[in-house]
Each structure stands twice: as structure tokens, then as C-alpha cells.
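Undergrad: Okay, handing you the structure first.
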Amino acid sequence: MLITIADVLSAEQVAQARKMLAEADWVDGRVTAGYQAQEVKRNMQIPEGSPVAVQLGEMVLGGLARSPRFMSAGLPLRVFPPMFNSYSGGQTFGTHVDTAIRQVATTGQRIRTDLSATLFLTAPEEYDGGELVVEDSYGTHSVKLPAGHMVLYPATSLHRVEPVTRGARVSSFFWIQSMVREDSQRTLLFDLDTAIQRLALVQGDQSVKESGVQLTGVYHNLLRQWVEM
Ligand code: NI
């Protein structure tokens with residue numbers, strides 16, 4: 001399942017992030033790439049654990065914590081501290097699958113990467129190219145979102161970032177270890193939760209209310225079967 005989450009950051013937060021990133025020191029993105037990804041990765045990053053990355057990362061995590069859609073779709077157990085990258089002058093990240101396990105540099109904690117996230121910090125009209133292209137069992141998806149919006153997709157999928165041929169594409173990227181490892185199970189739970197939330201809006205119908213209670217029970221009993229912590 002590939003889903004977008006609107007307004008993880010406000011326009012003011014995006015502007016603050018852009019200002020801090022413009023003044024920060026950037027390094028070659030290959031520092032965090034695995035052996036295969038080093039061959040195809042051409043971008044710049046803010047060093048993991050640097051003060052700017054930590055401060056802006058907390059802003060991103062705050063945005064996620066306020067998003068019921070992120071909680072429902074991701075069922076997060078651990079979130080990798082958000083990182084920041086930039087593509088310009090034809091830079092690109094060729095087709096790859098993300099590393100299965102990531103270790104947080106500052107704490108040594110290991111995270112299984114079930115979900116990958118890209119939070120866009122530049123508006124689509126500011127640059128040409130730079131689409132995130134994700135291949136999954138339902139086909140190929142090309143993603144380019146407004147600043148402050150985020151896409152969440154299975155880390156198991158092949159994906160790439162198309163060359164940026166004008167302007168710069170700045171974004172935050174990170175991974176999530178979910179309480180539910182399997183994408184197909186997370187998708188069922190998300191669909192069920194979405195339907196339950198919609199039922200909850202129906203007022204005054206006793207049978208709808210009872211169905212809502214029963215389906216909520218099904219949701220929690222499925223989650224109980226599938227959850228790992
Ligand atoms: Ni990737």
C-alpha cells in the first residue's frame with residue numbers, strides 16, 4: 001500500500017526547515033548507502049545526528065504524532081530519526097530496495113525497515129524531475145507532492161528518484177518499523193479502521209452503532225493476532 005499524508009508540516013514549519021537546511025553543511029549521500037545503492041545514489045545529505053538533523057527531525061516526528069492517518073497506516077513501533085537530502089543538477093537515485101535493517105548512529109538501536117517515508121520540503125513547481133517512482137505488485141507509481149506532504153510506501157518495493165533537471169528537490173526521508181510487519185496485513189487493518197471511522201460519523205442508527213462496535217472488535221482481534229512488539 002502506498003499512501004499520502006497531507007500537511008505533516010505546516011507552511012511555516014516548511015519555511016523554517018528550508019531556512020535551516022539552506023544554512024547547513026551537506027555531505028555526499030553515499031555515506032549512508034549500502035553496497036548496491038552506492039552504485040546508483042547521487043545526492044547530498046545532512047549528516048546523521050548533526051544538530052540541524054536532530055532539531056528538524058523532532059519537528060517531523062511531532063507532525064507524525066499529530067497524524068491519525070500515519071498512526072493507522074503505519075502502526076509504528078520505531079521510527080528512524082528523520083534524515084534530509086537534496087537533489088539538483090541532474091542528481092538521481094537509481095532503482096534500488098532499501099536496506100532491511102538500519103542502525104541509528106547515535107543510539108545503536110536497530111530498526112527493521114518495513115515502511116519508507118519521503119516528506120517533500122520543496123513545492124513541485126520549484127524543480128523539474130525528481131519524481132519518486134515506486135514499483136509494487138499493483139504497478140508503477142510516480143509521486144511528487146506539495147511541500148509538507150508525505151508518502152508512505154513498503155520498503156520492500158523497488159523505487160527510484162528521477163533526475164532533477166531544474167532547481168532543487170529537498171526532502172526528509174526515514175523508515176518505520178511497524179508493529180505489523182506484513183504490508184498486506186497492514187493494508188487490511190488500515191481499510192478496516194478507515195471504514196470504522198466512517199461508520200462512527202453516522203448518527204442515531206442503533207444497528208450501525210452495533211456494527212461499529214462489532215467491527216472495532218474484529219479490528220483489535222486481528223491486530224492482536226498480527227502485532228509484534
Ligand atoms: Ni530508497
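The values are calculated or read from the model by the stated rules, or taken from the named source; none is laboratory data. Keep in mind that this is a model prediction, so the values were computed, not measured. Heads up, the Cβs are rebuilt from the backbone with ideal geometry, glycines too, and the neighbour counts pull from every protein chain shown. Heavy atoms of the whole protein, side chains included, go into the accessibility calculation; ligands, DNA and RNA do not. Shrake-Rupley method; radii C 1.70, N 1.55, O 1.52, S 1.80 Å.
Undergrad: Just check the range 183-226 against the gyration tensor rule for me: Cα atoms, a ≥ b ≥ c as the square roots of the eigenvalues, rounded for a/c under 1.5, and otherwise prolate or oblate depending on whether a/b exceeds b/c.
TA: oblate
Undergrad: In whole Hz and in residue order, list the ³J(HN,Hα) couplings for the range 187-196 that follow from phi through the Karplus curve 6.51 cos²θ - 1.76 cosθ + 1.60, θ = phi - 60°; x for Gly and Pro.
TA: 5, 4, 5, 5, 5, 5, 4, 4, 5, 5
Undergrad: Of the accessible area of the range 183-226, with the probe set at 1.4 angstrom, what percent is carbon plus sulfur?
TA: Result for the range 183-226: 56 percent of the exposed heavy-atom area is carbon or sulfur.
Undergrad: Next up: May I ask you to list the lysines whose Cα is less than 18 Å away from that of residue 144, ignoring any residue fewer than eight positions away on the same chain?
TA: Result set, ordered by chain and number: empty.
Undergrad: State the answer as a single residue: which of 154, 167, 92 lies farthest towards the positive end of the charge dipole of the range 3-178, with beta carbon charges of +1 for Lys and Arg and -1 for Asp and Glu, about the Cα centre.
TA: 154
Undergrad: Let me ask something additional. How far apart, in nm, are two points set 7 Å out from the Cα along the Cα-to-Cβ line at residue 109 and at residue 184?
TA: Calculated label separation equals 3.1 nm.
Undergrad: At a 1.4 Å probe radius, carbon and sulfur cover how many percent of the accessible area of the range 3-178?
TA: Carbon with sulfur: 54 percent of the solvent-accessible area.
Undergrad: Follow-up. Enter the accessible area per residue of the chain (Å², integer; probe 1.4 Å; all protein chains in place).
TA: The answer is 50 Å² per residue.
Undergrad: Relative contact order for the chain using alpha-carbon pairs under 8 Å, separation at least 6, rounded to a whole percent?
TA: 24 percent
Undergrad: Where in the range 131-147 is the amide nitrogen less than 13 Å from a point lying 7 Å along the Cα-to-Cβ axis of residue 67?
TA: 145-147
Undergrad: Moving to a separate point now. What 222 nm value per residue comes from the helices of the chain, counting each DSSP H run with n ≥ 4 as -39,500 (n - 2.57) and dividing by all residues, nearest 500 deg cm²/dmol?
TA: -11000 deg cm²/dmol
Undergrad: If I stretch the segment between residue 137 and residue 23 completely, what's the gain in nm (0.36 nm per residue apart, minus their alpha carbon distance), one decimal?
TA: 37.0 nm
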